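Undergrad: Dumping the structure here so I can ask a few things about it.
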Amino acid sequence: DTGVSQDPRHKITKRGQNVTFRCDPISEHNRLYWYRQTLGQGPEFLTYFQNEAQLEKSRLLSDRFSAERPKGSFSTLEIQRTEQGDSAMYLCASSFRDRDGYTFGSGTRLTVV
Amino acid sequence: SQKIEQNSEALNIQEGKTATLTCNYTNYSPAYLQWYRQDPGRGPVFLLLIRENEKEKRKERLKVTFDTTLKQSLFHITASQPADSATYLCALMFSGGYNKLIFGAGTRLAVHP
């Protein structure tokens, strides 16, 4: 297992377009998290899955954002009708237990032009 | 509101010295506090976890202290090296509820030869 994989690494899109990111967690990890990070800030929580169940979603997340984790394996994060303010690094992380540290992927950098 | 504070100014130290980074928090009752390292363009990397009933944790050249009365954690890197230069993130995990991490904005450490 090579860790948490995220695809694509970079995405440039025009305002108003839809984008989808993929995350493949470490296979033994049943917990999966999505975070967003902008320059000079720490990662900001977006949503959390335990197996296939989405257990929490940030109140900051608008209805344009949706995440899935079918079959409790990989996860996708979709942003509809992108806005310039959505430009950020989108990070995925996974963990096995709640007392473990997270393993992060390298992130997907989204630029909305 | 809940807040995690880390020094926003970069910490510059000489190689071989001990680097000390501070994390202060308000209005939390954390179950765990974690420290991560982040290099530019990469996802955070887990370093250490300390529980609310632990005062100190060590791992090789790293030491973390946790004072729940002061609501503060200190992160020390002894015998620092230029390769330790990175941004260091403090993160809290709540007791009760779901185990999502809340991150501080991080402190940039620069170790000079």
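The values are calculated or read from the model by the stated rules, or taken from the named source; none is laboratory data. From a predicted model like this one, the values you see are computed outputs, not experimental measurements. Methodologically, a virtual Cβ is constructed for each residue, glycine included, from the backbone with ideal geometry; neighbour enumeration extends over all protein chains shown.
Undergrad: In segment B:17-36, which residues are of a type in the set (Gly, Ala, Ser) and either surrounded by fewer than 18 Cβ atoms within 10 Å (Cβ to Cβ) or not in a strand (DSSP E or B) (or both)? Spell out the reasoning first.
TA: Step one: list which residues in segment B:17-36 are of a type in the set (Gly, Ala, Ser), which gives B:19, B:29, B:31.
Across segment B:17-36, the qualifying residues are B:29, B:31.
Undergrad: Among the numbered criteria (1) surrounded by 15 or more Cβ atoms within 10 Å (Cβ to Cβ); (2) within 12 Å of chain A (Cβ to nearest Cβ), which one does residue B:41 miss?
TA: It is condition (1) that residue B:41 fails.
Undergrad: Which residues, taken from segment B:24-38, are facing chain A (nearest Cβ under 10 Å) and closer than 17 Å to residue B:66 by Cα? Quick ask: steps written out before the conclusion?
TA: The first filter runs over segment B:24-38 and keeps only residues facing chain A (nearest Cβ under 10 Å), leaving B:31-32, B:34-36, B:38.
Hits for segment B:24-38 are B:31, B:32, B:34, B:35, B:36.
Undergrad: Further question on the same structure: Among residues belonging to segment A:102-113 that are in contact with a Ser or Thr (Cβ under 7 Å, 6 or more places away or on another chain) and crowded, with 19+ Cβ neighbours inside 10 Å, point out the one that is farthest from the other protein chains (Cβ to nearest Cβ). Please lay out each step first, then the result.
TA: So the first thing to find is which residues in segment A:102-113 are in contact with a Ser or Thr (Cβ under 7 Å, 6 or more places away or on another chain), and the list is A:102-103, A:105, A:110-112.
Imposing the further condition that a residue be crowded, with 19+ Cβ neighbours inside 10 Å reduces the set to A:102-103, A:105, A:110, A:112.
Values: A:102: 6, A:103: 7, A:105: 5, A:110: 14, A:112: 18 Å.
The residue in question is A:112.
Undergrad: Go through segment A:1-60 and give me each residue that's at pLDDT below 95 and more than 27 Å from residue B:4 (Cβ to Cβ).
TA: Matches in segment A:1-60: A:1, A:2, A:27, A:28, A:51, A:52, A:53.
Undergrad: Now for a different question. What do you reckon, is residue A:27 surrounded by fewer than 19 Cβ atoms within 10 Å (Cβ to Cβ) and part of a loop (DSSP other than H, G, I, E, B)? Explain how you work it out, then say what you get.
TA: Working: surrounded by fewer than 19 Cβ atoms within 10 Å (Cβ to Cβ): yes; part of a loop (DSSP other than H, G, I, E, B): yes.
So residue A:27 passes the test.
Undergrad: Let me ask something else. Given the condition assigned to a helix (DSSP H, G or I) and basic (Lys, Arg), answer yes or no: does some residue in segment A:64-71 qualify? Walk me through it before giving the result.
TA: Going residue by residue through segment A:64-71, those that are assigned to a helix (DSSP H, G or I) are A:70-71.
Checking the rest, the ones that are also basic (Lys, Arg) come to A:71.
Yes.
Undergrad: Filter segment A:61-72 down to residues that are within 17 Å of residue A:85 (Cα to Cα) and at pLDDT 90 or above, then give me how many there are.
TA: Step one: of segment A:61-72, the residues within 17 Å of residue A:85 (Cα to Cα) are A:61-66.
Filter once more, so that each one left must be at pLDDT 90 or above: A:63-66.
The total comes to 4.
Undergrad: Being within 22 Å of residue B:3 (Cα to Cα), in a loop (DSSP other than H, G, I, E, B) and basic (Lys, Arg) is the requirement here; does residue A:99 meet it?
TA: Working: within 22 Å of residue B:3 (Cα to Cα): yes; in a loop (DSSP other than H, G, I, E, B): yes; basic (Lys, Arg): yes.
It is true that residue A:99 is within 22 Å of residue B:3 (Cα to Cα), in a loop (DSSP other than H, G, I, E, B) and basic (Lys, Arg).
Undergrad: Hey, another quick one. Which condition does residue A:69 not pass, out of (1) surrounded by 17 or more Cβ atoms within 10 Å (Cβ to Cβ); (2) under 29 Å from residue B:4 (Cα atoms); (3) touching a residue at least 24 places away in the same chain (Cβ under 8 Å); (4) under 12 Å from the mean Cα position of the chain (by Cα), if it passes all the others?
TA: If we test residue A:69 against (1) surrounded by 17 or more Cβ atoms within 10 Å (Cβ to Cβ); (2) under 29 Å from residue B:4 (Cα atoms); (3) touching a residue at least 24 places away in the same chain (Cβ under 8 Å); (4) under 12 Å from the mean Cα position of the chain (by Cα), just (2) comes out false.
Undergrad: Surrounded by 17 or more Cβ atoms within 10 Å (Cβ to Cβ), out of contact with any helix residue (DSSP H, G or I) (no Cβ under 7 Å at 6 or more places or on another chain) and within 11 Å of chain B (Cβ to nearest Cβ) - does that describe any residue in segment A:7-19?
TA: Pass one, segment A:7-19, residues surrounded by 17 or more Cβ atoms within 10 Å (Cβ to Cβ): A:11, A:19.
From what's left, out of contact with any helix residue (DSSP H, G or I) (no Cβ under 7 Å at 6 or more places or on another chain): A:11, A:19.
Keeping just the survivors that are within 11 Å of chain B (Cβ to nearest Cβ) gives none.
Within segment A:7-19, not a single residue is surrounded by 17 or more Cβ atoms within 10 Å (Cβ to Cβ), out of contact with any helix residue (DSSP H, G or I) (no Cβ under 7 Å at 6 or more places or on another chain) and within 11 Å of chain B (Cβ to nearest Cβ).
Undergrad: If you don't mind, another one. Consider residue A:52 against the criteria (1) touching a helix residue (DSSP H, G or I) at 6+ places or on another chain (Cβ under 8 Å); (2) within 14 Å of chain B (Cβ to nearest Cβ); (3) of a type outside the set (A, V, I, L, M, F, W, C): it satisfies all of them except one. Which criterion is unmet?
TA: The one condition residue A:52 does not meet is (2).
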